[in-house]
1. Would you please name the residue that is most open to solvent (accessible area, probe 1.4 Å), looking only at residues in region 88-104 that are over 11 Å from Val40 (Cβ atoms) and in contact with a helix residue (DSSP H, G or I) (Cβ under 7 Å, 6 or more places away or on another chain)?
2. Only residues in region 166-177 that are within 10 Å of Val154 (Cβ to Cβ) and of a type in the set (D, E, K, R) count as the first member; pair them with residues that are at pLDDT 90 or above and part of a helix (DSSP H, G or I), Cβ under 6 angstrom, at least 6 apart or cross-chain, and list the lot.
3. Please return the ranges of strands (runs of 3 or more DSSP E) entirely within region 1-87 where 1 or more residues are modelled with pLDDT of 80 or more, open to solvent by 30 Å² or more (accessible area, probe 1.4 Å) and not acidic (Asp, Glu).
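The values are calculated or read from the model by the stated rules, or taken from the named source; none is laboratory data. Just so it is clear, the model here is predicted, and its values are computed rather than measured. Positions of Cβ are backbone-derived with ideal geometry, glycine not excepted, and every protein chain shown enters the neighbour counts. Just the protein is used for accessible areas: all its heavy atoms, side chains included, with ligands, DNA and RNA removed. Shrake-Rupley method; radii C 1.70, N 1.55, O 1.52, S 1.80 Å.
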Amino acid sequence: MLRFDIVLITTGSRPYLLKQSLQSLHENATNWDQHSLTLVMDGCAVLGACSDAGLLPDRIILNPRRQGASRSRNIGASAMPKYLRKDAVMFLDDDVYCCKGWDAFNYKIDAVWSGHAHPFNQPYQAIDSSVPAEKTSVISTVHMIIPWNIWDVVGPYCEPGGPGGSEDVDWCARATKLGYTLGVSTQQSVLHTGIGS
């Protein structure tokens, strides 16, 4: 089982969704003590949701002026000193609910994973018969699990064409061009409870 450095970003002033997301992370983990949590508050103050959920992050980063999702994810990832890193970084939006046993899936360390299919998701083959997942061309940054060694090679998110410029499509294209496999786990699903999905 992999240990995760979780970067959870707030994508708006939605403390009720953040509280739900934090509770799902903590209560549905197989072994919460194996993971770390960085909360990046992007231009909104929702810190009360942490105490309401009974879960205090290991580190809190406050962006007083809204930076946007990609930049907030990059800031959260860069806040983790290399010598403290666990096996992989897991990016989450504040409106993602992690289902029971979200950390129990046996992830491959040489691939990038998600439990949430991107709207542009094009599954094209099973990765292998022993892994309940499909190989795909793009996965969503709403929930993306990236081994740190792959993050270091592919690099941070960027937004082609400016803010809101499909950072997940761009990042996945760079990763696959470098030969990395992307997979959507059919076992380790998450629910995107916020924006119409």
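1. Among them, the one singled out is Tyr97.
2. Filtered contacts from region 166-177: Arg174/Val154.
3. 59-63
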